[in-house]
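Structure first, commentary second.
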Amino acid sequence: MTELRHRGAKDGEPPLEQQPSEDKGSDSELKADKDGVSDESKVDSGVPEVPVPPDDTPEVLNKALSGLSSRWKNWWVRGILTLAMISFFFLIIYLGPMVLMMIVLCVQIKCFHEIITIGYNVYHSYDLPWFRTLSWYFLLCVNYFFYGETVTDYFFTLVQREEPLRILSKYHRFISFALYLTGFCMFVLSLVKKHYRLQFYMFGWTHVTLLIVVTQSHLIIHNLFEGMIWFIVPISCVICNDIMAYMFGFFFGRTPLIKLSPKKTWEGFIGGLFATIVFGIMLSYVMAGYRYFVCPVEFNNDSNRFQVDCEPSELFQLQEYTLPGVLESVTGWTTVRLYPFQIHSIALSSFASIVGPFGGFFASGFKRAFKIKDFANTIPGHGGIMDRFDCQYIMATFVNVYIASFIRGPNPSKVVQQLLALRSDQQLYIFNSLKAHLTEKGLLRAAEAAA
């Protein structure tokens, strides 16, 4: 990472970093970015001019695109690497849910590393004791808590079969709290008188990073267990919106959208919205016809493997809808056959296009606050992994809340699993209570007569 610029340590305030710039490698954008922070520069008087970061584009692409202007060179670099990332995305989908979960974990760790590295570079001249060690320790604690909860929830029968796992599951929250409390005590013991304020800055920095990165990635995995379609469609909508907003803005953009991102335009925002909604409806129609995508990811206790096989719910069965009069006059159709999930995909696509970009604006504001161009230089033309996933995290939270609010109902298989873990007298009590309830409603007699 480019060397960071610092104020003197004696005033106890955070040092300053690189001059902010918003987009990925365009000279014109760097100029726009400077214009956008002119007031900030006045406040931070005395900050030396920071040179443009070196070009991290692969040499092969540099030679192939050497005759192009910087604007078109950036367009081609971003386009080529975007296609490469999309191809990799298709590959991990093909490899199945377990690989997807591992990729989510790897992305989470890399995003955490990028944000913590920024904090470390900002404050490294103060030689804060144990900062990076404690940051990674807290990451381990939080992951242990969340993944332990997931294992207990989705691998309940397996956990009850194995005695060590059963004990860990029973006392999981106490163990998690004890681990966190150990890190908390270590932080208190590491406090140094001359660095109190900065150490608490970084304690908060680490915890906010955990909240943004780890919690959201855990929700992504929960969405995946509901069915791969709940993982693929939202992520694909964010990717589509990012690409189409860039394309519309590149060719038609004239009206600035927000000062935090000078290159973002209303034309790109609106064009990306309509393109993403159409894309979401089409992608949902294709995926809703395959059990591999729509069935919940469940653990088969007999084969000790994940399985994606079920009878698709009504959400993924074609139904006939009557079109409103306005649409009927335009299309000439009275009815149309759609999967109900396609209607939900409109909500997902709209959120990805309207609210999702605010995750990117938030990241832009963060980078401006700390005078950096990108979170890292992992992907030429795109920045770091966090630069690509800033919108995905807020999308993951929305999808999880959407499923809990409008989609998910009681899961009979999980109820049965929990019942089987009870003592015999408890099972008999529930059986008698359920029998009395069904008899009172008349359902049990009807079932016996039918038999």
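Give me the pairs, please: first residue somewhere in the stretch 346-360 and without any contact (Cβ under 8 Å) to a residue 40 or more places away in the chain, second residue anywhere and part of a helix (DSSP H, G or I) and among the charged types (D, E, K, R), beta-carbon distance under 9 Å, and either six or more positions apart or on two chains. Cβ pairs passing all conditions: Gly359/Asp390.
If you check Lys367, Lys373 for being surrounded by 17 or more Cβ atoms within 10 Å (Cβ to Cβ), over 30 Å from Thr150 (Cβ atoms) and touching a Ser or Thr at 6+ places or on another chain (Cβ under 7 Å), only one passes: Lys373. Of all the listed residues (Leu419, Leu338, Leu434), the sole one being modelled with pLDDT under 85 and hydrophobic (A, V, I, L, M, F, W, C) is Leu419. Of the listed requirements (1) over 30 Å from Ser303 (Cβ atoms); (2) β-branched (Val, Ile, Thr); (3) in contact with a helix residue (DSSP H, G or I) (Cβ under 8 Å, 6 or more places away or on another chain), Thr150 misses just one: (1).
Here the stretch 326-345 is the region considered, the condition is being part of a helix (DSSP H, G or I) and under 17 Å from Met287 (Cα atoms), and the residue that is most open to solvent (accessible area, probe 1.4 Å) is Ile343. When the test is whether a residue is of a type in the set (Phe, Trp, Tyr), open to solvent by less than 70 Å² (accessible area, probe 1.4 Å) and out of contact with any helix residue (DSSP H, G or I) (no Cβ under 6 Å at 6 or more places or on another chain), Tyr292 does not pass it. Quick check on Pro262: is it in a loop (DSSP other than H, G, I, E, B) and buried (at least 17 other Cβ atoms within 10 Å of the Cβ)? Considered against the rule, which asks whether it is in a loop (DSSP other than H, G, I, E, B) and buried (at least 17 other Cβ atoms within 10 Å of the Cβ), Pro262 comes out as no. Of all residues in the stretch 183-222, those being more than 30 Å from Val399 (Cβ to Cβ), touching a residue at least 60 places away in the same chain (Cβ under 8 Å) and either among the small types (Gly, Ala, Ser) or assigned by the TED database to the domain that holds Phe398 (or both) number 1. Considered as a group, the residues in the stretch 189-215 that are open to solvent by less than 70 Å² (accessible area, probe 1.4 Å), in a helix (DSSP H, G or I) and among the aliphatic types (A, V, I, L, M) include one that is modelled with the highest pLDDT, and that residue is Leu210.
Select from the stretch 74-116 the residues that are small (Gly, Ala, Ser) and in a helix (DSSP H, G or I) and write down the one among them that is most open to solvent (accessible area, probe 1.4 Å). Looking at the filtered set, the residue picked out is Ser87. Checking the stretch 91-102 against the condition returns a match, with at least one residue being of a type outside the set (Val, Ile, Thr), out of contact with any helix residue (DSSP H, G or I) (no Cβ under 8 Å at 6 or more places or on another chain), farther than 24 Å from Tyr147 by Cα and modelled with pLDDT of 70 or more. Only residues that are of a type in the set (Val, Ile, Thr) and either in contact with a Cys (Cβ under 8 Å, 6 or more places away or on another chain) or open to solvent by 70 Å² or more (accessible area, probe 1.4 Å) (or both): list them for the stretch 117-141, please. Thr133 - this is the single residue of the stretch 117-141 that is of a type in the set (Val, Ile, Thr) and either in contact with a Cys (Cβ under 8 Å, 6 or more places away or on another chain) or open to solvent by 70 Å² or more (accessible area, probe 1.4 Å) (or both). Restricting Gly272, Gly289, Gly249 to those that are in the same structural domain as Leu348 (by the TED database) and closer than 13 Å to Phe341 by Cβ reduces the list to Gly289. Quick one: is Leu348 in the same structural domain as Glu267 (by the TED database), among the hydrophobic types (A, V, I, L, M, F, W, C) and surrounded by fewer than 21 Cβ atoms within 10 Å (Cβ to Cβ)? Taking the combined requirement at face value, the residue does not satisfy it.
Considering the stretch 376-390 alone, what residues qualify as being over 22 Å from Thr215 (Cα atoms) and buried (at least 21 other Cβ atoms within 10 Å of the Cβ)? Within the stretch 376-390, Gly381, Gly383 qualify. For Leu198, the stated conditions do not hold, so it cannot be described as over 17 Å from Arg132 (Cα atoms) and aliphatic (A, V, I, L, M).
Taking each residue of the stretch 401-421 that is in contact (Cβ under 8 Å) with a residue 60 or more places away in the chain and looking for partners that are open to solvent by 60 Å² or more (accessible area, probe 1.4 Å) with beta-carbon atoms closer than 9 Å, six or more apart or interchain, yields Ser413/Glu298; Gln417/Gln160; Leu420/Gln160; Leu420/Gln427; Ala421/Gln160.
The values are calculated or read from the model by the stated rules, or taken from the named source; none is laboratory data. As the structure is a computational prediction, the values presented were derived from the model and not from experiment. A quick note on method: Cβ atoms are made from the backbone with ideal geometry, for glycine too, and the neighbour counts reach across all protein chains shown. Surface areas here come from the heavy atoms of the whole protein model, side chains and all, with no ligands, DNA or RNA. Shrake-Rupley method; radii C 1.70, N 1.55, O 1.52, S 1.80 Å.
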